[in-house]
1. Dipole size in debye (nearest 20) for the range 77-164 around its Cα centre, Lys and Arg Cβ +1, Asp and Glu Cβ -1?
2. Using only Cα atoms, locate the centre of the range 101-164 and the centre of the range 25-68, then give the distance between them in Å, rounded to an integer.
3. Assuming R0 = 25 Å, can you tell me the calculated FRET efficiency for the pair Ser34 and Ile126, based on Cβ-Cβ distance, to the nearest 0.05?
4. What ranking do Met61, Met36, Met73 get, fewest neighbouring Cβ atoms within 10 angstrom at the top?
5. Check each of the GluC sites (Glu not before Pro) in the range 44-126 and keep only those in coil by DSSP with at most 10 other C-beta atoms within 10 angstrom; list them in order.
6. So if each residue of separation counts as 0.36 nm, and I subtract the Cα-Cα distance between Gln156 and Ala101, what length gain in nm does that give?
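Quick note: the coordinates plus some simple rules give every number you see, no bench work behind them. For clarity, every value in this text was computed on a predicted model and none was experimentally measured. Cβ placement follows ideal geometry from the backbone for every residue including glycine, while neighbour counts extend to all protein chains displayed.
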Amino acid sequence: MTSIQVLLAYTLVFGASAGPSSSPQPAPSLDSVSWMAGHWVGTGTQDVSEEVWLPATAGAMVGMWRWASGGDMRLYELLTISIESGRIALRLRHFRPNLVALEDKENPFVLPLIKSGPREAVFEGIASDGGPLRITYRSPAPDTLEATVERGGTKQVYAYRLKK
């Protein structure tokens, strides 16, 4: 039996695979991350950690995070979540207290949404050191936001628990 005959017999017995679903996939929507909107304040530490997410307008959510320690501002972060090229993506850039950007002005971090579920969103991309960067947001309760940042091959993990 030739390989073509084997393939034909296999197809007749087991059926042809239709491949990827030909039905149209729903367009991505920011509704899947709308639960992140709000003013979130860090708990369980002397440092000040605040994250604010505005509801979606014109296809984008805008967020801000700030960190202060020992009475001094340490870092600001400006974030957006929008639909780009048919997928949801998180963009972010860090700033020193004097608003000097830490990343190259042309290259903010871009982290596509790789997983979402009820009150969970996982974004993953490339860190400035070329290693992986993953940010996971979870909301185990309506008044709680947990943000976990994993970066680099050394698996540095930073976890933040915030309350409304």
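1. Details: 14 positive and 11 negative charges, 59 e Å.
Here the range 77-164 has a charge dipole of around 280 debye.
2. Value for the Cα centre distance between the two parts: 12 Å.
3. The calculated FRET efficiency here is 0.40.
4. So the residues, fewest neighbours to most, are Met73, Met61, Met36.
5. Numbers: sites: Glu50, Glu51, Glu77, Glu84, Glu103, Glu106, Glu120, Glu124; in loops: Glu103, Glu106.
For GluC sites (Glu not before Pro) across the range 44-126 that sit outside H, G, I, E and B with at most 10 neighbouring Cβ atoms in 10 Å, the list reads Glu106.
6. On the way: separation 55, 0.36 × 55 = 19.80 nm, distance 2.20 nm.
Fully extending the segment from Gln156 to Ala101 adds 17.6 nm.
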